[in-house]
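The values are calculated or read from the model by the stated rules, or taken from the named source; none is laboratory data. Because the structure is predicted, anything quoted here is derived from the model rather than measured. Here the Cβ positions follow ideal geometry from the backbone for every residue, glycine too, while neighbour counts run over all protein chains shown.
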Amino acid sequence: MRGGALLDTGPLVAFLNRRDRFHAWAVAQLAEIEPPLLTCEAVLSEACFLLRHDPVGPDAVLELVHDNLVQVGFHLQAEIVALRRLVRRYSQVPMSLADACLVRLAELHAGSVLLTLDSDFKIYRMHGRQVVPTLMPTSR
């Protein structure tokens, strides 16, 4: 995949949770993508929280990072001006920190595609006007 892939919380959780209704979709998508997938600390934190009742859930998230299958794509402090701009622009949605980081990652990694379950990414724009390229299940 040219430009690489970006990973949102939903597909990450679905990949690790066999009971998730999007598990098969997430497994199939990740099987087609050459690692590493880029994400941000906020996504990893959300995924660990959502998987907290699974005895191996949070560790499985961290294992993906340890094994370099998932990498953190940027340093939040270095991108704070752009992140604040995005959060202010989409305050009515509202935009989470994780979503802002993923939009910024898409801006920084031209040609990348975002794996997500979040329809808000149909609203968000890169560089003010460009659609964020996404890959999401057809039936939500």
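Please state which one of 24, 5, 14 is more than 18 Å from residue 68 (Cα to Cα) and either surrounded by 18 or more Cβ atoms within 10 Å (Cβ to Cβ) or of a type in the set (Ser, Thr, Tyr) (or both).
14
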**Prompt:** Would you pick out the residues in the range 97-140 that are within 12 Å of the chain's Cα centre (by Cα), in a loop (DSSP other than H, G, I, E, B) and either hydroxyl-bearing (Ser, Thr, Tyr) or over 13 Å from residue 8 (Cβ atoms) (or both)?
**Reply:** 112, 116
**Item:** Verdict on residue 97 being closer than 23 Å to residue 129 by Cβ and in contact with a Phe, Trp or Tyr (Cβ under 8 Å, 6 or more places away or on another chain)
**Value:** no
**Item:** Criterion violated by residue 109 - all others in (1) under 26 Å from residue 138 (Cβ atoms); (2) of a type outside the set (Gly, Ala, Ser); (3) touching a helix residue (DSSP H, G or I) at 6+ places or on another chain (Cβ under 9 Å) satisfied
**Value:** (3)
**Message:** For the range 113-124, which positions are surrounded by fewer than 21 Cβ atoms within 10 Å (Cβ to Cβ) and of a type in the set (Ser, Thr, Tyr)?
**Reply:** 119
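Would you point out which residue out of 83, 50 is aliphatic (A, V, I, L, M) and within 23 Å of residue 16 (Cα to Cα)?
None of the others qualify; the one that does is 50.
Can you pull out the helices (runs of 4 or more DSSP H) entirely within the range 7-91 that have at least 3 residues that are at pLDDT 95 or above and among the β-branched types (Val, Ile, Thr)? Reasoning before the result, please.
Numbers: elements: 9-16, 23-32, 41-50, 57-66, 80-89.
Answer list for the range 7-91: 80-89.
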**Complete:** Screening 6, 76, 51 for residues that are under 19 Å from residue 133 (Cα atoms) and either in contact with a helix residue (DSSP H, G or I) (Cβ under 9 Å, 6 or more places away or on another chain) or acidic (Asp, Glu) (or both) leaves only 6
